[in-house]
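The values are calculated or read from the model by the stated rules, or taken from the named source; none is laboratory data. Owing to the predicted nature of the structure, the values given are computational and were not obtained by experimental measurement. Cβ: placed from backbone, ideal geometry, glycine included. Neighbour counts: every protein chain shown. We work out accessible area using only protein heavy atoms, side chains counted, and drop any ligands, DNA or RNA first. Shrake-Rupley method; radii C 1.70, N 1.55, O 1.52, S 1.80 Å.
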Amino acid sequence: MMEKIIFGRYLPSDSVVHQMDPRAKLLFIFAFVGIVFLANNVMTYALIGAFTFLIVFLSKVKLRFLIGGLKPVLLLVLFTFFLHVFFTKEGDILTQFGLLTIYKGGVIKGIFISLRFLLLILVTSLLTLTTPPISVTDGIESLFGPLKKIKVPVHELALMMSISLRFIPTLLDETDKIMKAQRARGADFSSGSISNRVKAIIPLLIPLFVSAFKRAEELAVAMEARGYKGGEGRTKYRILRWSMRDTMAMVFLVVLSAALFILRSY
Amino acid sequence: MDIKLREVEYRYAAGTPFERPAITDVSFHIPSGQYVAIIGHTGSGKSTVLQHLNVLLKPLKGEIEIGSHTIAAGRKEKNLKEIRRRVGIVFQFPEHQLFEETVEKDICFGPMNFGVAENDAKNRALEAVRLVGLPEDVLKKSPFDLSGGQMRRVAIAGVLAMKPDVLVLDEPTAGLDPSGRQDIMNMFTGLQKTNGLTCVLVTHSMEDAARYADKIVIMYKGSVHRIGTPRDIFRDTDSLTSVGLNVPETVRFQQSFEKRLGRPLDKVCLTPEELAAEIGKLRGEIS
Ligand SMILES: Nc1ncnc2c1ncn2[C@@H]1O[C@H](COP(=O)(O)OP(=O)(O)OP(=O)(O)O)[C@@H](O)[C@H]1O
Ligand SMILES: [Mg+2]
């Protein structure tokens, strides 16, 4: 079950997207989050959707796998969808039953917002799927480097992030193991009433927390024992290289935003 | 309770890019009341096989017969709880499963999940704690205040208290002190001999496999390499070393002894005591 979750996992490959500079990918995502909000009609959504699928295609990550991994957030998307469908009162009335009136504007808005949501999740999942956690952090540290001048502990923050990213799969594996051990002792996580299910989680959560804290402590000791001292004067094994490919991606992004700007007023 | 595996295959993360084969075409029989040891190099699929024995994993191909239940690929099985009560698994590093406020509550968790009344479960907890060689006063302590070895024993007690018919052990003594290891291993054999418990043991200790098992299954790269009695298995030391396993110390000693003696002894000895007796027999002949 745990193996279906894709958020935070890295999927090694040699695609163009994998080879991009992590800084380019990060800038891209930051920009993308903004650009998605430019979309406001069928044309613009189609354009940005097509663009997203182009990136998925370039990344060589199988679409079926990506969509399978999106299932856990689908519930959230559906929730937003219905929220808009039921509470937006715009446009013509489509149907009416009881107190509930569904407007055309609501449905359209629901679809658009869900799409926006899905595209954002898709693109951010792609970042972690195509970039090793270490590179993500290197990228972040480098991008926010200037903030060191005003005493922001950029290196430490980046390290914290990379450690959490690094331990997502470990925690998932651990969850799977403890779940199996408790199932072997007769625990049932998947049936019974809601309150029983909530209770069933306790034998899972406590060992998980205990081992997470233990792991954190061991990691801290191990780092200290090896003389870790971040930031100042620390050299890097992996050097980030900005290439033509990355510049191209940025240019592409500018073109896309321009196109969206023009199309959104149609 | 008999367990039969027939051509069982399993892949982790099947259907995703992370898919990796774990075991293929695994067939063997665990007869009721016997002590079966599964040995093999690290990553050979031993733990994966064990998880099939109480249907924590379902085969992607092949089938498993557990008592009167048959688990086959692609078929829904309803009586999982019944199977899990009768097949108890002690996982690798079982101390990670402890979660209750007191040792007693933690040991009662299994039995009570299977419908044992609280008082009954408490009696079982007391019995189990004695079996694993802990003093009774640990029952009221928090499991997180215990040492690693004590936690391990509590975790084992938690499975024993379920009173399973088949006890499946995944390296239960790894990391324990030598005399503690022996106590625990002897306790398992005691239960097998007196209560008719079926034991399945995964171990990296060839000495333990030689001493305790009635039957040995060697796993190699996700498949069964050989099945046989300990004497069969440890007679053929070349086959053993070819899959990255050690030869038990007793057998190694016997081999170099035979070389000096110039002829083989009557049988392959599995324990130092057995070997001593065998060598003792020679004394009459030589003098
Ligand atoms: N949860 C999992 N997800 C993915 N792959 C796994 C998982 N558990 C085991 N594997 C893989 O399956 C194969 C068999 O693993 P298994 O744990 O059964 O080996 P093992 O014989 O028990 O080894 P060890 O002696 O080290 O415990 C290994 O290649 C391992 O990497
Ligand atoms: Mg194992």
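Take the alpha-carbon centre of segment B:116-160, take the same for segment B:55-85, and report the distance between them in whole Å.
When both Cα centres are located, 30 Å separates them.
In debye to the nearest 20, how big a dipole does chain A give about its Cα centre with +1 on each Lys and Arg Cβ and -1 on each Asp and Glu Cβ?
Result for chain A is approximately 180 debye, rounded to the nearest 20.
When only DSSP loop residues count, what GluC sites (Glu not before Pro) in segment A:194-266 have their Cβ near at most 10 other Cβ atoms within 10 Å?
In loop regions of segment A:194-266 (DSSP not H, G, I, E or B), the sparsely surrounded GluC sites (Glu not before Pro) are A:Glu232.
Which entries of B:Lys259/B:Lys281; A:Lys180/B:Lys46; B:Lys221/B:Lys267 show an alpha-carbon separation above 22 angstrom in the structure shown?
B:Lys221/B:Lys267
In terms of Cα to Cα distance under 28 Å, which lysines are near enough to A:Lys149, apart from those fewer than 8 places away along the same chain?
A:Lys25, A:Lys229, A:Lys236
Would you jot down the residues in segment B:86-100 that end up with at least 40 Å² less accessible area in the complete protein assembly than in the chain alone, with a 1.4 Å probe?
Going by heavy-atom accessible area, the residues of segment B:86-100 that drop by at least 40 Å² are B:Phe91, B:His96, B:Gln97, B:Phe99.
I want the local charge near A:Leu240. Using Cβ-Cβ distances under 9 Å, sum +1 for each Lys or Arg and -1 for each Asp or Glu among the other residues.
So the environment of A:Leu240 carries a net charge of +2.
Which residues of segment A:174-216 bury at least 50 Å² of accessible area once all protein chains are present, versus their chain alone (1.4 Å probe)?
SASA drop of 50 Å² or more in segment A:174-216: A:Lys180, A:Arg183, A:Ala184, A:Arg185, A:Gly186.
Would you report the distance distribution of C-alpha pairs in the protein assembly as shown as whole percents per 10 angstrom bin, up to the bin with the largest distance?
Taking all Cα pairs of the protein assembly as shown, the binned fractions are 3, 14, 19, 20, 18, 14, 8, 3, 1, 0, 0, 0 percent.
With point charges of +1 on the Cβ of Lys and Arg and -1 on the Cβ of Asp and Glu, referenced to the Cα centre of the protein assembly as shown, which listed residue (B:Ser147, B:Ala117, A:Ile168) lies farthest in the positive direction of the dipole?
In the protein assembly as shown, that residue is A:Ile168.
Set the bar at 31 Å for Cα to Cα. Now go through A:Lys71/A:Lys104; A:Lys104/A:Lys199; A:Lys60/A:Lys89 and name every pair that lies beyond it.
Correct reply: A:Lys104/A:Lys199; A:Lys60/A:Lys89.
Let me confirm the definition first: pairs of Lys residues in segment B:62-143, 8 or more apart or on different chains, C-alpha distance under 18 Å. How many are there?
Value for segment B:62-143: 5.
Given a 1.4 angstrom probe, I'd like the percentage of the accessible area of segment B:248-287 that is carbon and sulfur, rounded to a whole number.
55
Which three numbers, in whole Å and largest first, are the semi-axes of the equivalent ellipsoid of segment B:248-287 derived from its Cα gyration tensor as √(5λ)?
Semi-axes (√(5λ), whole Å): 16, 12, 7.
Given a cut-off of under 8 Å on Cα pairs at least six residues apart, what relative contact order in percent is computed for chain B?
After rounding, I find 22 percent.
Could you give the accessible area per residue of segment A:106-149, probe 1.4 Å, as a whole number in Å²?
Heavy-atom accessible area per residue stands at 39 Å².
Please give me, ordered by residue number, the trypsin sites (Lys or Arg not before Pro) of segment A:32-94 that lie in loop per DSSP and have at most 13 other Cβ atoms within 10 Å.
A:Lys62, A:Lys89
B:Thr241 to A:Asn40: FRET efficiency via 1/(1 + (r/R0)^6), r the Cβ-Cβ distance, R0 56 Å, to the nearest 0.05?
Here the calculated transfer efficiency is 0.20.
Protein chains only, probe 1.4 Å: how do B:Met162, B:Met1, A:Met160 rank by accessible area, largest first?
Solvent-accessible surface, decreasing: A:Met160, B:Met1, B:Met162.
Determine the relative contact order of segment B:110-195: mean sequence separation of Cα pairs under 8 Å and six or more apart, normalised by residue count, in whole percent.
Across segment B:110-195, relative contact order equals 32 percent.
Among all the aspartates and glutamates, which ones have a C-alpha under 17 Å from A:Lys109's C-alpha, if same-chain residues fewer than 8 places away are not counted?
Result set, ordered by chain and number: A:Glu90, A:Asp92.
Under 8 Å for C-alpha pairs, at least 6 residues apart: give me the relative contact order for segment A:121-266, rounded to a whole percent.
RCO, segment A:121-266: 19 percent.
Where is the GNM fluctuation largest for chain B (alpha-carbon springs, 10 angstrom cutoff): B:Pro264, B:Pro111, B:Pro59?
Of B:Pro264, B:Pro111, B:Pro59, the Gaussian network model singles out B:Pro264 as fluctuating most.
Restricting to chain B, compute how many DSSP beta bridges are antiparallel as a %, nearest 5.
Taking every DSSP beta bridge within chain B, about 55 percent pair in antiparallel fashion.
I'd like to compare A:75-81, B:38-44: which one has the highest average count of other Cβ atoms within 10 Å, and what's the full order after that?
Answer by packing, highest mean first, reads B:38-44, A:75-81.
Leaving out ligands, DNA and RNA, calculate the buried accessible area for the pair B and A with a 1.4 Å probe, summed over both sides, in Å² to the nearest 100.
Using a 1.4 Å probe, the pair buries roughly 2100 Å².
Go through B:Asp120, B:Asp106 and list them by solvent-accessible area, largest first, probe radius 1.4 Å.
Result, largest first: B:Asp120, B:Asp106.
Hey, got the dipole for segment B:248-287? About the Cα centre, +1 on K and R Cβ, -1 on D and E Cβ, debye to the nearest 20?
That gives segment B:248-287 a dipole magnitude of about 200 debye.
With a 1.4 Å probe and every protein chain left in place, work out the accessible area per residue of chain B in Å², rounded to a whole number.
45
Counting DSSP beta bridges with both partners in the protein assembly as shown, what percentage is antiparallel, nearest 5?
60
Return the single residue from B:Glu63, B:Glu127, B:Glu258 with maximal mean-square fluctuation; model: Gaussian network over chain B, springs between Cα atoms under 10 Å.
Checking each option, the largest mean-square fluctuation is seen for B:Glu258.
For the peptides A:19-25, B:65-71, what is the packing order when you average, over each peptide's residues, the other Cβ atoms within 10 Å and list the highest mean first?
A:19-25, B:65-71
Output the residues of segment A:40-69 meeting this criterion: accessible area (heavy atoms, 1.4 Å probe) in the chain alone minus accessible area with all protein chains in place is 40 Å² or greater.
A:Phe65
Cβ under 14 Å from A:Leu47's Cβ, A:Leu47 left aside: what net charge do those residues give with Lys, Arg +1 and Asp, Glu -1?
+2
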